[in-house]
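Novice: This is the structure I have questions about; it appears just below.
The values are calculated or read from the model by the stated rules, or taken from the named source; none is laboratory data. Everything numeric in this text was worked out from a predicted model, so none of it was measured. Quick reminder, even Gly has a Cβ in these numbers, built from the backbone with ideal geometry, and neighbours come from all protein chains shown.
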Amino acid sequence: MDRRLRSDAGEAVLEFALLAPILLLILASILETGRVFDAWVVVHNAAREGARAGVVAAPAVDVAATAQQAAERYLAVGLGARGDVAATLVEPPVVTAEAVAVTARADVAPYTPLGRAVVSDTVPVRASATMRRQ
């Protein structure tokens, strides 16, 4: 009976040793995907907030500058403390008589060696938002 228990224990260790790298691979991919998704949410919200600020500010002030500043502030608060974001950019807003359109972008650098092997140096995240003037 003791011999059989010892062989089962060795088998369990071997199975774990074979499965551990696969589990770590899955965990690393979940981590990278979550970080990029978080940046995606922040960039989309920044574009939306910039467009909203431009629509609300019109016609009293410079709409394009107000929209761009609002989007840049949101990006700075949402992504500013993260060391993995290589660059953030808010393109000059497009202002027409009917709408304000803002485009924001961020480049997220992978943390894990697996992420750097799968993608290039950074993952570009881009979002646009357009709001109509009322």
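Novice: Kindly evaluate A101 against the criterion of being part of a strand (DSSP E or B) and surrounded by 18 or more Cβ atoms within 10 Å (Cβ to Cβ).
Specialist: Numbers: part of a strand (DSSP E or B): yes; surrounded by 18 or more Cβ atoms within 10 Å (Cβ to Cβ): yes.
Spelling it out, A101 is indeed part of a strand (DSSP E or B) and surrounded by 18 or more Cβ atoms within 10 Å (Cβ to Cβ).
Novice: For region 76-91, check the following and say yes or no: at least one residue is acidic (D, E), part of a helix (DSSP H, G or I) and either in contact with a Ser or Thr (Cβ under 9 Å, 6 or more places away or on another chain) or surrounded by fewer than 19 Cβ atoms within 10 Å (Cβ to Cβ) (or both). Break it down stepwise before answering.
Specialist: First, the residues of region 76-91 that are acidic (D, E): 84, 91.
Filter once more, so that each one left must be part of a helix (DSSP H, G or I): none.
So far as region 76-91 goes, no, none of its residues is acidic (D, E), part of a helix (DSSP H, G or I) and either in contact with a Ser or Thr (Cβ under 9 Å, 6 or more places away or on another chain) or surrounded by fewer than 19 Cβ atoms within 10 Å (Cβ to Cβ) (or both).
Novice: Would a scan of region 98-110 turn up a residue that is among the basic types (K, R) and within 27 Å of L31 (Cβ to Cβ)? Talk me through it step by step, then tell me what you get.
Specialist: Applying the first criterion (among the basic types (K, R)) to region 98-110 yields 105.
In the following step, the residues that additionally are within 27 Å of L31 (Cβ to Cβ) were identified as 105.
Looking through region 98-110, at least one residue is among the basic types (K, R) and within 27 Å of L31 (Cβ to Cβ).
Novice: Any residue in region 112-134 that's assigned to a helix (DSSP H, G or I): show its pairings with residues that are modelled with pLDDT of 80 or more and not polar (S, T, N, Q) at Cβ separation under 7 Å, as long as the two are six or more apart or on different chains.
Specialist: Within 7 Å, the pairs are L114/L25; L114/A28; G115/E32; R116/P110.
Novice: What single numbered condition from (1) out of contact with any Lys or Arg (no Cβ under 9 Å at 6 or more places or on another chain); (2) at pLDDT below 90 fails to hold for A20?
Specialist: (2)
Novice: What pairs come up if the first residue lies in region 99-111 and is free of Cβ contacts under 8 Å to residues at least 24 places away in the same chain, the second is surrounded by fewer than 24 Cβ atoms within 10 Å (Cβ to Cβ) and outside any strand (DSSP E or B), and their beta carbons are under 7 Å apart, counting only those six or more places apart or on different chains?
Specialist: As it stands, the answer is D107/T122, since those pairs meet every condition given.
Novice: To continue, here is another question. Tally up the residues in region 113-134 that are touching an Asp or Glu at 6+ places or on another chain (Cβ under 9 Å) and either hydrophobic (A, V, I, L, M, F, W, C) or at pLDDT below 80 (or both), please.
Specialist: The qualifying residues number 7.
Novice: From the list A46, A60, A71, A53, which residue is outside any loop (DSSP other than H, G, I, E, B), aliphatic (A, V, I, L, M) and over 21 Å from the mean Cα position of the chain (by Cα)? Give the steps one after another, and end with the answer.
Specialist: On the way: A46 fails: over 21 Å from the mean Cα position of the chain (by Cα); A60 fails: outside any loop (DSSP other than H, G, I, E, B); A71 fails: over 21 Å from the mean Cα position of the chain (by Cα).
On inspection, the qualifying residue turns out to be A53.
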